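Here's the structure we're looking at; comments come further down.
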C-alpha cells in the first residue's frame, strides 16, 4: 500500500490556498503570454515552409523501379487482394522481355485508407507508400492514378521529420516546393516548463 | 468385401479398393500429388503415405489396395512427419516464384504446403534449374520445367487418355524433366489436358498467360457448343472478358478432359464479325435499319404467308438450345402451318423422305440414353462411320480409358484412319458406298447363328438381306465376337449419315440390334453427332414430318420458285451444304430469305433480311448431348450492339403474326417436359452439374426390315469430307486461337495414292470437278483407302461445296499434281 510522505500530505492539506489565489491559471496564462513575445512558431505552410514527414509516413503510393527503368512490380495482385477498401486494380501482361509486369496498375486514392497493407503484402517491394501528401484535387476522378503516375511519384527519402524552407507553386498542381534540405523540427520550438 | 478401420472409423468396401478411395469415402482427406483418378498409378510423390498397423514402413495409399482387417492411421505422428518431409523435399527444388506463376492461388503445392507443410525450409543450396526463361511448346502451351514436381500426370494423361503420347520424361531422378521430344514444338492435339492436370505452374496455357489471378475470375458453368459429346466446361471471365476455359473434376461426360475446340476455341464469341443491327436489302445492298423498321417490313411480308405451309420453310442450326429449337418448330407448325423444317444442312441424301423415318426408327429401337461411360462398359464396341479422334475427341478419350481398364473389344468401321485403330481388335477401311454390304454381311453371319431365336421372336423373317455378302477377316472377327459377347455397344458416326445409302445402313444396324436382342444380348447405340444439340433437335421435332420437305427438297423447290419464305437460323448452308451450285441458285430464287445469325455468314450476305442473333455465350437454355443428357447452357455475355437472344427474336416474329410464344427458357422447358416423352423425367431446375438423362421411349417392335444391298461404285478418285480436329463449322473458323493452330485447308491422301500420283507431303495438288477446281496442300495419311481423299469441310475460304453434288458420296474428282 502506497503511503504519502509528509510533503505530499502538506501539499494536499494546503492546496486550497493555491486554488483561491488562481495560481494554476496565472501559471498557464503566463506561458501563453510569453508566446506573444516569442518568434513565430506556426509552420508557414505552404508559403514559406513545409513539413517533410518521417520515412515511415504513409502518404501517396509509388512504384519502385529497376535501374533500367522497368517497374519492379510483377503484377501478382497480392496488393489488390489484401486491400481492405479494394482500391487497387492490377492487370498483368507479358512485356517484350518476357517478364510479368502490370499492364494496368490503378490506385483509387480517394478510396484508399493508407493502411499500408499493400506494402506489406508486396513480395518484390514494388509498391510502397511514400512521403508525398499534397495530392488533393477538385475532381475525384483525378484521384484515380495509374501506373505511369505511380512510377513517377517521389519515393521515400531517408531524411524526414523536419520543417524545411519552401515555396508555394500554384500552377496546375498546387504544392509547396522544398528549398534546400536544412530544416528544424517544430517540436523544438515548443516552450515548456 | 473388406472391412477396414481408418482413423478409428470402420468401413466395408469392395476388394481391391485403394486405401485412398476408402478414406475419401469416409470423408478423411489424404493429400496427393501424383494421384489422378483415371490414370495409372505411379505412387511417386509419397505424399499420401499412411501407417498400416503391422507394417514397419509407411505405405502409399494411392497404390495400396485394402485388405480385410487392416487398421490404418492417416494422422499419426509418423505420417504427419513424413508428409511434412516430402513437402520439404518438393520445395527444395521448387522455385518460389509464386507471385509470377500463373498457377498461384490455385496451385496444389501451395495449398498442400499451407495445409500440411513445414513453415520453413532448411535447404540452403542452389535450386535445380533447367532453363532461365519459359519456353513455348505449342501455340497454346508454355512450359516452365523448373516448377515441375515430377508427378508425371501430364505424361500419363497425354498417353493414356488423349493417346497423343507427345510428352515424355528426359533425365533421371531430381533432374527429370517432363517435356516434349528434345523440348521441341509439340506435334499433338493441343488439347491442353496436360495444363489442366498439372498441379503446379509447370505447364501453362499461353493464351491465359499473365492475364489474371484465379480469384479475379468469375466462373460460369456451361456446355461446350461444338460437338455432340456435350462436355461441361467452366469459363473464367475477368471484367466481363472471357479469359480461359477449364473443365471440372469428375463432372459431366468429360471428367476433367476437354478437346482443343472446347478449351481454346471459345474465343469466337468475341470475334468482331458480329451482325450489329438488323439489315434489309435495299437496291441490292444490305442496309442497317432499326428493329422497328425491320418489324414493320417483316409484318408486311409475312402476314400474307400465315397458314401457307407449303411455300415456307425453315432451317435451323443444331447448335441452338432445345428451347429455341422447340419454339422455332412451334412457329412453323402452329403459325405457318408448315412441316418444312430441317436441322442440318450437311446430310443430303438421295431419298430424303425415308431418311428421318429410318433415323427415328433407329433411335427408338436402339438408342441408349445414359452415361457414356456405362454405355462403353460392354464386351464389344463397334464404331461405325466416324474418325472419332477428329470428330468427337472427348468420346475418344472415354473409349481409350475404357479400353485400358476393361476387357472391351473394339471394332472400327471407318473410311478415315484414327488414333484408336491401334487399340482396335478389328479395323475395316471402306470407301463410302460399301458400308451397307459390310454391315449386312455381319448381320447375316449373326442371323445365321441365331436362327432359332429369331424364329421365336419374329416368326418367319424371310430373306432380310437381299444381295451378295462379303466374307473377310473383319466380318468374321466381328460377327464371331458379337456372338460371344453379352453386352454390345455401337457408336454411329456422321459418315454414315452423309451417305446416300444412309437409310439402308440405319435399317441394317436397327436389324442387327433387334437380332442381337432377340438372342438375349444387351445391345444399344449412341450417335456421334458433330453438333452440340443434334440429339435435342431430333427430339424437339426439328425435322420434316408428315410429308414436309427437308432442306434438300426445300432447295429444289426454291430453285423452281415455289418457296416464298425461307427462315435460316444460325446455319450457313452456302458454306456447308454439300452442293454449292444448288444452294446458291436456290437461295437466290427464294421470295424472302430471312437469316438470323450472330455472325455475317455467306448465307447472310445473300439474305433479304438479316437479324442479329446471339451466340451460345449470350443465352440460357439446355443442350441434349449424344448420350441423351440434358445440360444447362448459361449466359456469360450480353448480346452486343442491337443483337437479341434468338428466343426473343423468334417469339417477336410470332407476335408480328399475332401469336404469343414464351420467351422464358424454364417455362418452355416445362412445356417440352409435358409434350415430349423422353423429357418427362427431366426438370429444368433440377439440372445440376451433371445434367439429367432423358428417358428411353419404348420403340414399337416392327420386326426386321428387309434390306437390299446396294453399292455406290467409285471410279478413279473421290473425296469425302468431315470435321477436322480444329475446325467444325463457321464458329471454329471465327476462333483466333484455332485459326493459329491450322492455317490452311489440306487434302489427305493415302500412302499408295500419294505414290501413284507422285506427290509428297506438302506438295500442292489441283482437285477438279465439273469445271471447278481448287488447289490444296497434300498431307499423306497412312491408312486412307486407295482412291479416297479427305478434305475438311469447314474452311470458308475454300468453298469446297462447289465440288460437291447432292446425293453423291464420295464426290468423284480429278486430282493432278500442280506444276
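Assorted remarks:
- Top-ranked residue of the range B:126-139 - restricted to ones that are assigned to a loop (DSSP other than H, G, I, E, B) and touching a residue at least 12 places away in the same chain (Cβ under 8 Å), ranked as farthest from the other protein chains (Cβ to nearest Cβ): B:128
- Some residue of the range A:91-109 being part of a loop (DSSP other than H, G, I, E, B), within 14 Å of chain B (Cβ to nearest Cβ), touching a helix residue (DSSP H, G or I) at 6+ places or on another chain (Cβ under 7 Å) and more than 30 Å from residue A:171 (Cα to Cα): no
- Single unsatisfied condition, residue A:123 versus (1) outside any loop (DSSP other than H, G, I, E, B); (2) more than 14 Å from the chain's Cα centre (by Cα): (1)
- Filter result for the condition that a residue is at pLDDT 90 or above, within 18 Å of residue A:120 (Cα to Cα), within 14 Å of another protein chain (Cβ to nearest Cβ) and not in a loop (DSSP other than H, G, I, E, B), over A:75, A:80: A:80
- Checked against (1) in contact with a helix residue (DSSP H, G or I) (Cβ under 9 Å, 6 or more places away or on another chain); (2) farther than 30 Å from residue A:167 by Cα; (3) touching a residue at least 24 places away in the same chain (Cβ under 8 Å); (4) away from chain B (no Cβ under 13 Å), residue A:85 passes all but condition (1).
- Which numbered condition residue B:110 fails, given (1) assigned to a helix (DSSP H, G or I); (2) away from every other protein chain (no Cβ under 14 Å); (3) farther than 26 Å from residue B:17 by Cβ: (2)
- The lone exception for residue A:104 - which of (1) under 20 Å from residue B:238 (Cβ atoms); (2) out of contact with any strand residue (DSSP E or B) (no Cβ under 6 Å at 6 or more places or on another chain); (3) exposed (fewer than 14 other Cβ atoms within 10 Å of the Cβ) it fails: (2)
- Matching option when the condition is buried (at least 18 other Cβ atoms within 10 Å of the Cβ), in contact (Cβ under 8 Å) with a residue 24 or more places away in the chain, more than 14 Å from chain A (Cβ to nearest Cβ) and not in a helix (DSSP H, G or I), among B:191, B:158: B:191
- Residues within the range A:110-125 that are crowded, with 20+ Cβ neighbours inside 10 Å and at the interface with another protein chain (Cβ under 10 Å from one of its Cβ atoms), tallied: 1
- Test: residue in the range B:680-690 that is outside any loop (DSSP other than H, G, I, E, B) and free of Cβ contacts under 8 Å to residues at least 24 places away in the same chain: no
- In the range B:194-229, residue surrounded by the most Cβ atoms within 10 Å (Cβ to Cβ) [restricted to those that are within 14 Å of another protein chain (Cβ to nearest Cβ) and part of a strand (DSSP E or B)]: B:204
Residue by residue, here is whether (1) within 17 Å of residue A:189 (Cα to Cα); (2) touching a strand residue (DSSP E or B) at 6+ places or on another chain (Cβ under 9 Å); (3) modelled with pLDDT of 90 or more holds:
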site: A:11; (1), (2), (3): no, no, no
site: A:22; (1), (2), (3): no, no, yes
site: A:29; (1), (2), (3): no, no, yes
site: A:35; (1), (2), (3): yes, no, no
site: A:56; (1), (2), (3): no, no, yes
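- Single match in B:736, B:768, B:760 (criterion: under 30 Å from residue B:206 (Cβ atoms) and touching a helix residue (DSSP H, G or I) at 6+ places or on another chain (Cβ under 9 Å)): B:736
- The helices (runs of 4 or more DSSP H) falling completely within the range B:305-397 that include 1 or more residues that are without any contact (Cβ under 8 Å) to a residue 60 or more places away in the chain and surrounded by fewer than 24 Cβ atoms within 10 Å (Cβ to Cβ) map to B:352-366, B:372-376.
- Verdict on residue B:515 being more than 29 Å from residue B:346 (Cα to Cα) and surrounded by fewer than 23 Cβ atoms within 10 Å (Cβ to Cβ): no
The values are calculated or read from the model by the stated rules, or taken from the named source; none is laboratory data. Only a predicted model underlies this, so the values are computations on that prediction, with no experimental measurement involved. No Cβ is skipped: glycine too gets one built from the backbone with ideal geometry, and neighbour counts run over all protein chains shown.
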